[in-house]
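The values are calculated or read from the model by the stated rules, or taken from the named source; none is laboratory data. In this text the structure is predicted, and so the values were computed from the model without any measurement. Here the Cβ positions follow ideal geometry from the backbone for every residue, glycine too, while neighbour counts run over all protein chains shown. Areas reflect the complete protein model, heavy atoms only, side chains present, ligands, DNA and RNA absent. Shrake-Rupley method; radii C 1.70, N 1.55, O 1.52, S 1.80 Å.
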Amino acid sequence: MRSRVDLLAELLNLKRPASEVTKELAPLGWDSDEELVVLTREHLGAVLQRFVLGTLNADETSSWAEAIEGRDDIGLQKAFEPLLKQLLFELANPDITQELTLLRAETLIRDLR
C-alpha cells in the first residue's frame, strides 16, 4: 500500500481519478495534526487547464476539488491561501456557486497567474 503522502500527492496532481485515490485514502481519514502536502496555484491551474483542453469534464474537476477541500492533511500555498480556498470552494460546490464553463475556467487560470 502506498503511503498517505504519496496518495495525497497523486490526488493533487490528479494522476488518477479523484474517486480512486479517495477510496485508498478513506481508511486513513481526513483529520491530521499536520499538513503533509501543499496545494499550490500550479496544481489548481493545471487541473483547470486540463478542463479547458477537454481532458477533464466539469464533474471530474468538481470531484477533484471536493476531494481536497477540507482535508486537514492538505495545506494551501500560504501566499495564495485565500484565493485557493475560494476557488476550491467554487469548484467543489458548483450547485451553490457557479457552473464551471470554458470561459470561467479561463478566467480562473488568469486569476491564478
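Once neighbouring chains are kept in place and the probe is 1.4 Å, which whole percent of the accessible area of the chain is contributed by carbon and sulfur? Carbon and sulfur: 51 percent of the exposed surface of the chain. Across the chain, C-alpha contacts under 8 Å between residues 6 or more apart give a mean separation that, scaled by the residue count, equals a relative contact order of 30 percent. In the range 4-113, taking the dipole from charged Cβ atoms about the Cα centre, the farthest positive-side position among 67, 21, 84 is held by 84.
Amide H contacts for residue 37 (H built 1.01 Å from N in the peptide plane; partners 5 or more residues away or on another chain; cut-off under 5 Å): 75.
What the chain shows is 57 Å² of accessible area per residue, with the surface traced by a 1.4 Å probe over protein heavy atoms.
Each residue, residue 38 and residue 16, gets one label point 7 Å from its Cα in the Cβ direction; the gap between the two is 2.7 nm. Site pair residue 26 and residue 89 shows an inter-label distance of 2.8 nm when each label is modelled 7 Å from Cα along Cα→Cβ.
Reported to the nearest whole Å, the Cα centre-to-centre distance from the range 4-38 to the range 44-67 is 17. List the lysines whose Cα lies under 18 Å from the Cα of residue 15, skipping any in the same chain that are fewer than 8 positions away. Residue 15 reaches 23.
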